[in-house]
Structures are given as C-alpha cells and as structure tokens.
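First the structure, in the form of structure tokens, and then the observations on it.
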Amino acid sequence: MISSQLYADCASWIELSRQSFKNNVSLYKNAIPKDTLLGCVLKGNAYGHGFYECLTLLYAEVDILFLISPVDAYQVRDYEKQQGFASKRIVVLGAISAHEMVDCAKKNIETVISFEQAPENLLILQQFARSHPGFKPMSVHIHIDTGLGREGFTLGSLAEKIQFLKQTPGLFHVQGVMTHFSNVEDVTEQDYAYEQVKNLQSAYDIIKQELNLSYDPEKHVAQSASSLILPDSGCHIARVGISLYGLWPSKETKISAKVVRSELPKLTPVLSWRCQSQSVKVITEGSFIGYGCTYRADRDLKVALLPVGYFDGYPRVFSNKSFVLVNGKRCEILGRVMMNHIIVDVTEAAGDQSTVVATLIGKDGRETISAEMCASWADTINYEIVTRIGAHLKRVIVE
Ligand SMILES: *Cc1c(COP(=O)(O)O)cnc(C)c1O
C-alpha cells in the first residue's frame, strides 16, 4: 500500500528514487570504457524529473554536467558555493548569446560553438577579454553536424567557417569536438551512426590542422543508446540523458543492448508520479462523467476525483484511454482529462469512500505503469511524457 501520510499537503507529487539513480549510474560506469568521462544531461528540467533535485542526487556521481541553458549552469555554480564544493565541469549545450558567453567564461563554464560567430559578438567577447587582465581563453566545444541536420558546422564549410577562431587568438580554447547521433535509437543496424563517427573524425582532423592545435581536444558523441550499444565509437566523454533516469531510449535500443551486451542491462526508472484523491463518491447508473459527456456509467460506480490534469502534464489524449493504480489495482480513466482533474473508477480498488492514493506513473503492488505505456497511449516517446510533467509539482526524494 502506498502511504499518503508524508505528502498530505500536495495534490500530486513526484517521487525520485536515490537508489535507482545509483543503479543506473553504476550501470553506465561499467558500460563505458575506463578512461571515458561520464557526463549527465540535465536538460528539460532534468527530463521532467526536477532540475534541482536531480542535481543534488547526481552531482557527486558524474564527471561532467551537460545543461541546455546558461541559467541552469549559473544555478549549479550557486549550488556549489552553498555547499562549499569545488566547481565541477559544466558544458552548456544550448543556444547562447555573446553576453551569456562572457558570463560563462567568468564562471568557468564551458560552452558549445555550433556556427560562425558574428563580428559584433566577437567584439563583445574581445572587449571583455581586454578589460580583464589574467583572462583565460573561453573553453568551447565545436559542434559538428555529421548527419542530424540540427546544430553544428557541416563538414564541407568547416575549414572556412572556423577561421574566426584563428583570427581571435587567446579568446577561445578548443576543449572538445562533438556531434550528436541521429538515429541510433531508431534502428538495429548502425551504418548511419558509423558514418557519423567517421565524419566526426574528419572534422576533428580538419580542426586540428586548421587551428594548428598542438594538443588533442576531447571528442564526444555518445548518448544513452550508443554508450550501451556502440561502445567502440571511440570518445572521451559520454553524454548520458534518458537512461540515467532509468528509461530506455527506445525498444530497438533495448533489443540491441541485449544482443551487444549478451544480457539485458537493468535500468531502473527513477520517477514515480502519485496523487491523492480530492474526493471519492458513488455515482449512479446512467450518470455522465466529465466534459462532453463522453462517458456514461452503465452501472453504479465508485469514482475518485484526482486533482491532476493536462496542466500538470497528464496528456489530454489519455481521455477514456488510460488507467491509474489504486491499492495495486488498475483503475480506468472515465471521460476526458481536464485541466486540473481526472476521474477514475475505483469500484473494485477502494473499500469505502475514504481518500485514496493513485499512481499515475510507477509501481503499486504488483502493477506498474511505465513511462513507455504512457507514451504508447499518447502516441509519443517516453522522453516527452516525463519531460512534460509540470515543473510546479513537488519532488520528493525517496531512498
Ligand atoms: C539530449 C542530448 C543528449 C542525451 O541524449 P539521451 O538520448 O537522452 O541520452 C546528448 N547529447 C546531446 C547534444 C543532446 O542534445
């Protein structure tokens, strides 16, 4: 039985399992080569799990933090100050202005350069560097578009487009060269991925030569899927997102991992989503439930009103489609998902009309609702299901 005592003040809340995080981290530490650094991706409010809570849970476990926005990076630096920690490596993966780049330089935060910098932006950076004696070059990772068609320099124009790095000596330090896989999760044959790896190597060679680098910058490409199924993609850092939260990138990845690693790695989902009923009551045969009268009771039913809806990230397409767990039993959603409410059938699950605790994602007794089940109800991927869980919901860490 799930206890609601602890969170009686919340309508619905997210539980994060410390042990599950630990299991997933150690699984990845064992999966990647010994000299590869383990990076954790905390974008999208830590894939909807809650940025701050996940930061506290993962901070000590990983070598590098990958974030999407500089604002998140500043928050990490504040956290380190509060805790008295030395600063960890942080890489901001996302869009960044010249002013933000200056702020990142001040806070020793690494950034990604994915296109030719405009002269006016370079000027901002140069002015900052000139007015700060002892300025250390900004640590950047050059992003190469090796086949995703998203951010990054394309191979054909790379040499020409990175000339600005040569023309601004002392401003940038090329810390790394990176790319992002396009379809590792979608296939079980990885020809395209190997082509991307080959392109990354060509880009790497061009960069070293064009910029006359006397050292070897880091090279990185791996995400959750490739870290498990392409262990020979030959890189210095793994940037692991979804699977540190215990979720598989896709069915295909799961199949490939079983083949490549000879037994299926055991990822443990970190997140559960629970909700306490607002009321439980009996409605009589023939009554309608919810907007649009899309559900009509064909017998007397005991129903629970749950204070959770599409505002909280519970998809409206779940209307008349999904179920939640109460006392270890499946309880169907009756009618439409509303902004702040759903109504579920607890006729079999609840003994009387007292408050119940429903599990929207997670385990209750012998039943489990996985993010993958939710994704199939919503015709999407587990990434979107968890990432859309409202940032306003309380996150509690459980052991
Ligand atoms: C999201 C992202 C990752 C992590 O991907 P997962 O599939 O969640 O492991 C790694 N690198 C980049 C550039 C990303 O955008």
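For Glu218, the residues whose modelled amide H falls within less than 5 Å of its own, excluding neighbours fewer than 5 places apart on the same chain, are Gly176, Val177. Within a Cβ distance under 12 Å of Lys22, other residues only, what is the Lys/Arg minus Asp/Glu net charge? Result for the local shell: 0.
Would you compute the Debye intensity of region 345-386 from its alpha-carbon atoms alone, equal scatterers and no solvent, and pass along log10 I(q)/I(0) at q = 0.27, 0.29 Å⁻¹ to two decimals? Calculated log10 I(q)/I(0) at the listed q: -0.92, -0.98. Computed over the alpha-carbon pairs of region 238-334, the distance histogram in 5 Å steps reads 2, 9, 15, 18, 14, 11, 9, 9, 7, 4, 2, 0 percent, short to long.
Annotated for region 66-156: lysine pairs at least 8 residues apart or interchain, Cα distance under 13 Å, count 4.
Among the listed pairs Lys198/Lys254; Lys34/Lys258; Lys208/Lys258, a Cα-Cα separation exceeding 31 Å is found for Lys208/Lys258. Note on region 275-397: Cα-only Rg and Dmax are 13.8, 43 Å.
What separates the Cα centres of region 191-230 and region 35-67 is a distance of 23 Å.
What part of the accessible area of region 171-301, given as a whole %, is carbon or sulfur when the probe is 1.4 angstrom? Of all accessible area on region 171-301, carbon and sulfur atoms account for 47 percent.
Let me check I have the definition right: for the chain, take the eigenvalues of the Cα gyration tensor, multiply each by 5, take square roots. What are those semi-axes in whole Å, largest first?
46, 23, 19
Comparing Arg261, Arg274, Arg388 in a Gaussian network model of the chain where C-alpha atoms under 10 Å apart are linked, the largest mean-square fluctuation is found at Arg261.
The orientation-averaged projection of the convex hull spanning the C-alpha atoms of region 237-278 amounts to 4.4 square nanometres. The Cα trace of region 4-57 gives Rg and Dmax of 14.5, 46 Å, the first to one decimal, the second as a whole number. Over the residues of the chain, the helix contribution to mean residue ellipticity at 222 nm works out to -8500 deg cm²/dmol, using -39500 (n - 2.57) for each DSSP H run of at least 4. The slack between Gln127 and Asp35, meaning 0.36 nm per residue of separation minus the straight C-alpha distance, is 29.3 nm.
The GNM of the chain, with springs linking C-alpha atoms under 10 angstrom apart, assigns the highest mean-square fluctuation among Val62, Val184, Val386 to Val62. Based on every Cα atom in region 164-274, Rg and the maximum pairwise Cα distance Dmax equal 17.1, 56 Å. Note on the chain: with a GNM built from Cα contacts shorter than 10 Å, the maximum mean-square fluctuation among Leu211, Leu42, Leu55 falls on Leu211. Protection proxy ranking, highest mean first, for peptides 347-356, 300-309, 221-230, 364-373: 221-230, 300-309, 364-373, 347-356, where packing is the per-residue count of other beta-carbon atoms within 10 Å, averaged.
The values are calculated or read from the model by the stated rules, or taken from the named source; none is laboratory data. Not measured: the values here are computed from a predicted model. Reconstructed Cβ throughout: ideal geometry from the backbone, glycine too, with neighbour counts over all protein chains shown. Side chains included, ligands, DNA and RNA excluded: accessible areas come from the protein's heavy atoms. Shrake-Rupley method; radii C 1.70, N 1.55, O 1.52, S 1.80 Å.
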